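For reference, the structure discussed in these notes is given below.
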Amino acid sequence: MIDGKKVLFSGMQATGNLTLGNYLGALKNWISLSNEYECFYSVVDMHSITVRQDPAELRRRARNLFILYVAAGLDPEKNCIYYQSHCSAHAELAWILNCFTYMGELSRMTQFKDKSAKHADNINAGLFTYPVLMAADILLYQADVVPVGIDQMQHLELTRNLAERFNNLYGDVFTVPEAYIGKVGAKIMSLQDPTKKMSKSDENPNASIYLMDDPDTIMRKCKRAVTDSEGIICYRDEQPGLKNLIDIYSACTGKTPQETVKEFEGKGYGELKPAVGEAVISVLKPLQDEFARLSKDKAYIDSAIKANAEKAMYVSSKTLRKVQKKVGFPERVR
Ligand code: ATP
Ligand code: LTN
């Protein structure tokens, strides 16, 4: 609790260009929850270097992601938006938690398995302990709730286990967080292979809608989305491409999938696809305009970066000091 409010923590990596999946699965929920909670939203740039990055490019993307959080509707005066790398408590707590995490737990993580298959030439220790740094992110702020897409559930489970393990040994140190998964949009699938999740690291640019895609590109990608030859609009697992389009449309318009099916009953995919395109454009266009406006306001963004890094350091240092004391590190001499 901070000032009588429950705490929310979430983060995104500054790798690749954000997709509609990131927006509908995560960012959109962040905004709807931000009034209710005391919120911390991090640009998790330390996680990004678990795969090789070009330094200038990483810096540029991280700043763009920061601006995007604000453009999407998160007021940096009400929400603590900050770069993970500006707050050294994350690395310090991650080290301690590493000593409470088992190799077996980490080797079961599907994201580690996927990423090590993708980057076989660089299976580094950071990639392996990635979920421990994520647990440190969350636990430092005593977060009650963590809005993420469904793919992060396994990491959340590990975070909860670590918190409980630590609390059992040392008393109540950490709040045990709950995941928050949105009802629609929790897993947006690739437009080209609806059995795979839409991902910013997909090599096929037609598979993902990027948040900065222009309206023509969005429309073209929606029209080309892979569906099936059934030709009947219904919402079921056997028609994954269609199901995904219904999910996207519903998440963008605020309708339920059932309402969407009703709306398109008796119509063909040829009518649904452009409607999906329009719905996506009407969500992304204002976001893009606001992003362009804020990108020019260097002074405003810089002052938010500075003030919020200080806030993050202040809040996280309290938990870190407590943990350091519990594990037996000596008191600081003042
Ligand atoms: P990559 O594809 O490079 O591994 P990513 O697209 O999964 O990255 P992350 O930064 O790991 O992006 O995820 C940011 C947030 O977006 C997470 O909460 C994640 O659950 C959510 N998310 C990512 N992809 C999707 C998707 N296709 N559908 C719904 N949510 C998603
Ligand atoms: N691992 C997450 C990004 C992430 C995160 C976090 C999400 C890092 N730390 C803390 C929520 C809370 C991902 O890959 N999407």
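Please treat every number below as a calculation from the coordinates, not as lab data. Please read all numbers here as calculations on a predicted model, not as lab measurements. Positions of Cβ are generated from backbone atoms using ideal geometry, with glycine treated the same way; all protein chains shown enter the neighbour counts.
Can you give the Kirkwood hydrodynamic radius of the stretch 1-85 from its Cα pairs, in Å with one decimal?
13.3 Å
Averaging over every viewing direction, what projected area does the convex hull of the Cα atoms of the chain cover, in nm²?
18.5 nm²
Taking θ as phi - 60°, what are the ³J(HN,Hα) couplings along the stretch 202-219 by the Karplus curve (6.51, -1.76, 1.60), each to the nearest whole Hz, with x for Gly and Pro?
Along the stretch 202-219, the couplings run 5, 6, 8, x, 6, 6, 10, 9, 8, 4, 9, 4, 7, x, 4, 5, 4, 4 Hz.
Residue farthest toward the positive end of the dipole of the chain, with Cβ of Lys/Arg at +1 and Asp/Glu at -1: which of CYS222, CYS39, ALA71?
The Cα lying farthest towards the positive end belongs to CYS39.
Given the rule -39500 (n - 2.57) for each run of at least 4 DSSP H residues, summed and divided by the residues of the chain, what is its mean residue ellipticity at 222 nm, to the nearest 500 deg cm²/dmol?
-16500 deg cm²/dmol
Which of ILE218, ILE232, ILE248 moves the most in a Gaussian network model of the chain with Cα springs under 10 Å?
Highest fluctuation among the options: ILE232.
Mind ranking 196-205, 116-125 by how tightly packed they are, going by the mean number of other C-beta atoms within 10 angstrom, highest first?
196-205, 116-125
Please report the spacing between the Cα centers of the stretch 263-334 and the stretch 208-247 in Å, no decimals.
If you average the Cα positions of each part, the centres end up 26 Å apart.
What are the residues whose amide H is under 5 Å from the amide H of TYR83, where those residues sit 5 or more places off or on another chain and H is modelled from the backbone?
Distant-sequence amide H within range of TYR83: VAL43.
Size of the dipole of the chain about the Cα centre, Lys and Arg at +1 and Asp and Glu at -1 on the beta carbon, nothing else charged, in debye to 20? Don't jump to the answer; show the numbers that get you there.
Values: 43 positive and 41 negative charges, 151 e Å.
Its charge dipole is roughly 720 debye.
What residues have an amide H closer than 5 Å to that of THR19, excluding those fewer than 5 places away on the same chain, when H is modeled at 1.01 Å from N in the peptide plane?
LEU211
Where is the GNM fluctuation largest for the chain (alpha-carbon springs, 10 angstrom cutoff): CYS99, CYS39, CYS87?
Its mean-square fluctuation being the largest, the pick is CYS99.
Please list, by residue number, every one of the GluC sites (Glu not before Pro) in the stretch 30-121 that is coil in DSSP and has at most 16 other beta-carbon atoms within 10 Å.
Answer in residue order: GLU36, GLU77.
For THR217 and ARG332 in one chain, what is 0.36 nm times their gap in residues minus the Cα-Cα distance, to one decimal in nm?
The span from THR217 to ARG332 would gain 35.7 nm if fully extended.
What pairs in LYS223/LYS296; LYS183/LYS306; LYS115/LYS326; LYS183/LYS311; LYS5/LYS318 have C-alpha atoms more than 25 Å from each other?
From the list (LYS223/LYS296; LYS183/LYS306; LYS115/LYS326; LYS183/LYS311; LYS5/LYS318), the Cα-Cα distance tops 25 Å for LYS223/LYS296; LYS183/LYS306; LYS115/LYS326; LYS183/LYS311.
Using the Karplus curve 6.51 cos²θ - 1.76 cosθ + 1.60 with θ = phi - 60°, what ³J(HN,Hα) values do you get for each residue of the stretch 96-101, in whole Hz, with x for Gly and Pro?
Using θ = phi - 60°, the values come out as 4, 5, 4, 7, 10, 10 Hz.
Could you tell me the center-to-center distance, by alpha carbons, between the stretch 61-75 and the stretch 129-187 in angstrom?
So the separation of the two Cα centres works out to 23 Å.
Show me, for the stretch 235-246, the HN-Hα J-couplings you get by feeding each phi into the Karplus relation (A = 6.51, B = -1.76, C = 1.60, θ = phi - 60°), rounded to Hz, glycine and proline as x.
Karplus values, whole Hz, x for Gly and Pro: 9, 8, 4, 5, 10, x, x, 5, 4, 5, 5, 5.
Once the piece of chain linking CYS234 and LEU169 is laid out straight, how much longer is it, given 0.36 nm per residue of separation minus the C-alpha distance between them?
Answer, rounded to one decimal: 18.3 nm.
Quick one: which residues, 5 or more positions from CYS39 or on another chain, have an amide H under 5 Å from its amide H? H modelled 1.01 Å from N in the peptide plane, none for Pro or chain starts.
LEU8, CYS80
What percent does the relative contact order of the stretch 154-243 come to when contacts are Cα pairs within less than 8 Å and at least six residues apart?
Reported relative contact order: 19 percent.
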